[in-house]
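The structure appears right after this line, and notes come after that.
The values are calculated or read from the model by the stated rules, or taken from the named source; none is laboratory data. Computed from a predicted structure; not experimentally measured. Every residue, glycine among them, receives a Cβ derived from its backbone with ideal geometry; neighbour counts consider all protein chains shown. Keep in mind that these areas ignore ligands, DNA and RNA; they rest on the heavy atoms of the full protein, side chains included. Shrake-Rupley method; radii C 1.70, N 1.55, O 1.52, S 1.80 Å.
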Amino acid sequence: VEYSTFVKLAAEFFGTAILMIFGNGAVANVELKNTKGHHAGWLNIAMGYGFGVMIPVLMFGAVSGAHINPAMTIAQAVNGLFDWSLVLPYIIAQLLGAAAGQLVVYITYYPHYKDTENANAILGTFCTTDAHNDRINYFVNEFFGTLVLVFGALCCLSMPWGEADHAAASIVVGFIVWGLVTSMGGPTGPGLNPARDLMPRLLHAILPIPSKGSSRWGEAWIPVVAPILGAIVGAFVFKLFA
């Protein structure tokens, strides 16, 4: 079935929103004060992001490809795997979806944002930072993390077994994200997705949250540029061996 451009864009919008609800919702549950899951731990966050990718890919993979990530969209286009005419519309849909999903997290955790005095905990429910406060480390981790994600996802979804069973491939992609957050997520969060970082960071700057602190715009380019470059390399490696 070939879906219309509007339906594909709607799938990217809702898919990215779901990613944010599951992923940053898990962070909010762990980091914000007086939640039922306060201090539940890193595994809770990793599961949130794993399912946050798995569910949209299961829901919308057959509709739009479920990129839900501008880095994935750009990387596929650069490597001849996606139509350039759809790149900008896809990215706009993903950015708007990320904003919508983050707004849902903010609304549902609103009382807890008011209760929380730790500015770093609040910022972590919106966007990424480097735990070592090192921009080179920030860039390196986001680059390699996204490279692995894109290479792994394209392999799973495009190899014969994945094409024969998209549901199984989608589940494995979710496990790739889960594994990446548990293994490579310590330094930066991680982001691995420009929309997942940029739009929530913008909302962090705009929304009236007590004790929210700085949105750290001086480093905001890193989780945008590094994932895009990493994704391009990951897609190139996939195409080289596919």
Quiz item: Span-like helices, the chain: DSSP H, alpha-carbon axial extent 20 Å or more, mean Kyte-Doolittle -0.5 or greater, which ones?
Solution: 5-31, 42-64, 87-108, 135-158, 166-184, 222-241
Quiz prompt | Among ILE171, ILE136, ILE21, residue whose mean-square fluctuation peaks in a GNM of the chain (springs only between Cα atoms under 10 Å) | solution = ILE136
Self-check item: Spatial separation of Cα centroids for segment 1-45 and segment 180-241, in angstrom
Solution: 14 Å
Practice problem: Give the label of the value calculated from the structure for Rg and Dmax of the Cα atoms in Å, choosing from (i) 19.4, 63; (ii) 16.9, 51; (iii) 23.2, 77. | Solution: (ii)
Exercise. Using DSSP to define loop residues, name the trypsin sites (Lys or Arg not before Pro) in segment 1-90 whose beta-carbon has at most 13 other beta-carbon atoms within 10 Å.
Key: LYS36
Practice problem: Could you please put ARG216, ARG196, ARG135 in sequence from largest to smallest accessible area, using a 1.4 Å probe? | Solution: ARG135, ARG216, ARG196
Exercise. Report, ordered by chain and residue number, the aspartates and glutamates lying within cross-link reach of LYS8, taken as a straight Cα distance under 14 Å and ignoring same-chain residues fewer than 8 apart.
Key: ASP83
Exercise. Set the Förster distance to 22 Å, then compute FRET efficiency between LEU88 and PHE236 from the Cβ-Cβ distance, nearest 0.05.
Key: 0.55
Quiz item: Of all the accessible heavy-atom surface of the chain, with the other protein chains kept in place and a 1.4 Å probe, what percent is carbon and sulfur?
Solution: 70 percent
Self-check item: Residue-normalised accessible area of segment 125-242, expressed per residue, 1.4 Å probe, Å²
Solution: 42 Å²
Exercise. Return the calculated 222 nm mean residue ellipticity for the chain, to the nearest 500 deg cm²/dmol, obtained by summing -39500 (n - 2.57) across DSSP H runs with n ≥ 4 and dividing by the residue count.
Key: -24000 deg cm²/dmol
Self-check item: Residues of type lysines that LYS33 reaches as a straight line, Cα spacing below 30 Å, ignoring anything fewer than 8 places off in the same chain
Solution: LYS114, LYS212
Exercise. Enumerate the amide H contacts of THR188 below 5 Å, restricted to partners 5 or more residues apart or on another chain; note that Pro and chain-start residues carry no placed amide H.
Key: ALA131
Quiz item: Quick one: how many Å² of VAL148 are accessible to a 1.4 Å probe, rounded to 10?
Solution: 70 Å²
